[in-house]
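S.K.: Let me begin by handing over the structure; questions about it come next.
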Amino acid sequence: MIMLVVGFILWDRFDNDGAYTADVERSFREASLEMPGGWKLPTITFNRDPLKQ
């Protein structure tokens, strides 16, 4: 099964200019935007004031 997936990806990248994998990536991106909360950039937050000791 793994060889089948790897073979498909290699075929798509080299012989098909990545058309199928680009469509799958676009589909995942659109689905994540439709989820509650949507997609947001990851952020780093601090729970305490770094200047206080």
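S.K.: Whole-Hz ³J(HN,Hα) for each residue in the range 6-17, computed from phi via Karplus 6.51 cos²θ - 1.76 cosθ + 1.60 with θ = phi - 60°, x for glycine and proline: what do you get?
M.R.: Coupling constants for the range 6-17: 4, x, 5, 5, 5, 4, 5, 5, 8, 9, 10, 6 Hz.
S.K.: According to a simple spin-label model (label point 7 Å from Cα along Cα-to-Cβ), what is the distance in nm between Asn47 and Arg13?
M.R.: So the label points at Arg13 and Asn47 sit 4.1 nm apart.
S.K.: So if each residue of separation counts as 0.36 nm, and I subtract the Cα-Cα distance between Val6 and Ala22, what length gain in nm does that give?
M.R.: Numbers: separation 16, 0.36 × 16 = 5.76 nm, distance 1.55 nm.
Length gained, Val6 through Ala22: 4.2 nm.
Here, each number is a calculation from the coordinates, and none is a lab measurement. Everything numeric here is computed off the predicted structure, so don't read it as measured data. In this analysis, Cβ positions are derived from the backbone assuming ideal geometry, glycine residues included, and neighbour counts consider all displayed protein chains.
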